[in-house]
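The values are calculated or read from the model by the stated rules, or taken from the named source; none is laboratory data. Just so you know, these numbers come straight off a predicted model, no measurement behind them. Here Cβ is always computed from backbone atoms with ideal geometry, including for glycine, and neighbour counts include all displayed protein chains. The accessibility values were calculated without ligands, DNA or RNA, using every heavy atom of the protein model including side chains. Shrake-Rupley method; radii C 1.70, N 1.55, O 1.52, S 1.80 Å.
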Amino acid sequence: MADVIVRVTSTDPRSPLARLVTLPLGLDVWELTQDEAVLQADEAQAARLEAMGYGVEQLQTSESYVADFDTARTAAGYHSAGSLEQELRHLADDHPEIAQLQRIGRSIEGRPILALRIGERRRSARRVAFLGCHHAREWISVEVPFLLAKDLLADASTAPVRDWLQQGEVWVVPMVNPDGHEHTRTPGNRLWRKNRRRNRDGTIGVDLNRNYGYMWGTLDVTTSSHTPADDTYVGPRAFSEPESRAVRDLVARQLFGGVLTYHSYSQLILYPWGYTSGPIPDEADRREMRDLADDMQRLIAGVHGETYTAQQSSQLYPTAGDTTDWTYGEYDVPSFTVELRPASVLAGGFILPSDQIQPCWEENRPAAHAFIRHVLEKPER
Ligand code: 0X9
Ligand code: ZN
């Protein structure tokens, strides 16, 4: 059955949009605001939504969307798993004193999951982590952490980067999901989201951003599903996947003072919780993350004028088992999900034209720096 991209609205107060994501409908939700949702569905799902009383407007078939945006020009400039490995290796080779490439695990299909450690080696070092590409189709989420690493190394001998790298370490894992990313580079698969796990029922893939072990599996809704075929399948148990285990074990070894994970799209800065609409109980933590998210929003807007809205994750939609609920819930460290460019599907959605990579990185640079500074310079508790 053909997949379609639809805009869903609600005029009937008995079927509000917020309810849409709390039902186990197996939808692939791309955008969600008070007024409308943009999502990918098959035709039967779209008909069911209409029958439930929602307004359903077809924007495009998935096929024509990909055909419109996934041009050779759009794809040029993005890394593959292989070209990323090569460039990370060069960065490490060119800066042997302060950079080191580590394999932190292997994917289901055996690809290395790579982390670049940047900083002088000191036992007492504070450490901060930037992650990318839990979701295969979110190619820009590889490029921003990669460019951050490259830029830090280029600036390593001048303040303030020099001081950060003396004081602490920045760890960058640009591609948590190399198998999924490689899959999106094959014809017909540009919109793949999950990893490439063969599930017991024969379907493929676990959503790596539902597989972390804090409140894992406590929701069964469209945006956090227990149905293996669904795009947000949480997996059979927490940390069932080698990719999420690689991140778990890295965090356990390095005890980062903060974690920021890049995704796309929608231009958002999200902080925990995702699993509940309730706020974080600890008021100081709540203020710390909210203030930092607001600072990042301002810093980003100051570069090219783009708005990245700071909010609690669950205000977007509820999920259980995402990365930042786990890093905050388990380690009590400031944790953010940054949803990168663009703002909407009309500007490309998951298929961001490659001429946007540079401005997207430019606007995220001062926010990433603010996060590094915050974590590395934070007084001991
Ligand atoms: O659904 C996700 O995993 C993230 N969005 S994405 O479009 N990149 O897939 C958002 C995760 C943040 N957590 C919550 N919204 N609860
Ligand atoms: Zn994502």
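Side notes on the structure shown:
- Near pairs, Cβ below 9 angstrom, 6+ apart or cross-chain, from the range 119-142 (among the polar types (S, T, N, Q) and within 16 Å of ligand 1 (Cβ to nearest atom)) to any residue that is open to solvent by less than 10 Å² (accessible area, probe 1.4 Å) and in a strand (DSSP E or B): 141/131; 141/132; 141/261; 141/262; 141/263; 141/264; 141/338; 141/340
- Some residue of the range 276-287 being within 14 Å of residue 257 (Cα to Cα), modelled with pLDDT of 95 or more and away from ligand 1 (no atom under 16 Å from the Cβ): yes
- Residue match in the range 314-327 (condition: farther than 30 Å from residue 73 by Cβ, open to solvent by 40 Å² or more (accessible area, probe 1.4 Å) and more than 14 Å from the chain's Cα centre (by Cα)): yes
- Residue among 216, 192 that is out of contact with any strand residue (DSSP E or B) (no Cβ under 7 Å at 6 or more places or on another chain), within 16 Å of ligand 2 (Cβ to nearest atom) and part of a loop (DSSP other than H, G, I, E, B): 192
- Flag not set for residue 145, criterion: part of a loop (DSSP other than H, G, I, E, B), in the same structural domain as residue 247 (by TED's automatic domain parsing) and either more than 16 Å from ligand 1 (Cβ to nearest atom) or buried (at least 20 other Cβ atoms within 10 Å of the Cβ) (or both).
- Contacts under 6 angstrom Cβ, first residue in the range 209-228 being at positive phi and open to solvent by 50 Å² or more (accessible area, probe 1.4 Å), partner within 16 Å of ligand 2 (Cβ to nearest atom) and assigned to a loop (DSSP other than H, G, I, E, B), 6 or more apart: 215/320
- Candidate set from the range 199-213 (those that are out of contact with any strand residue (DSSP E or B) (no Cβ under 7 Å at 6 or more places or on another chain) and not in a loop (DSSP other than H, G, I, E, B)); member that is farthest from ligand 2 (Cβ to nearest atom): 208
- Where strands (runs of 3 or more DSSP E) fall entirely within the range 1-104, those with at least 1 residues that are polar (S, T, N, Q) and open to solvent by 40 Å² or more (accessible area, probe 1.4 Å) are at 3-9, 55-61.
- Pairs where the first residue, in the range 3-23, is under 25 Å from residue 226 (Cβ atoms) and β-branched (Val, Ile, Thr) and the second is surrounded by fewer than 21 Cβ atoms within 10 Å (Cβ to Cβ) and modelled with pLDDT under 90, C-beta under 8 Å, 6+ apart: 8/17
- Between 349, 329, the distinction of being small (Gly, Ala, Ser) and within 12 Å of ligand 1 (Cβ to nearest atom) belongs to 349 only.
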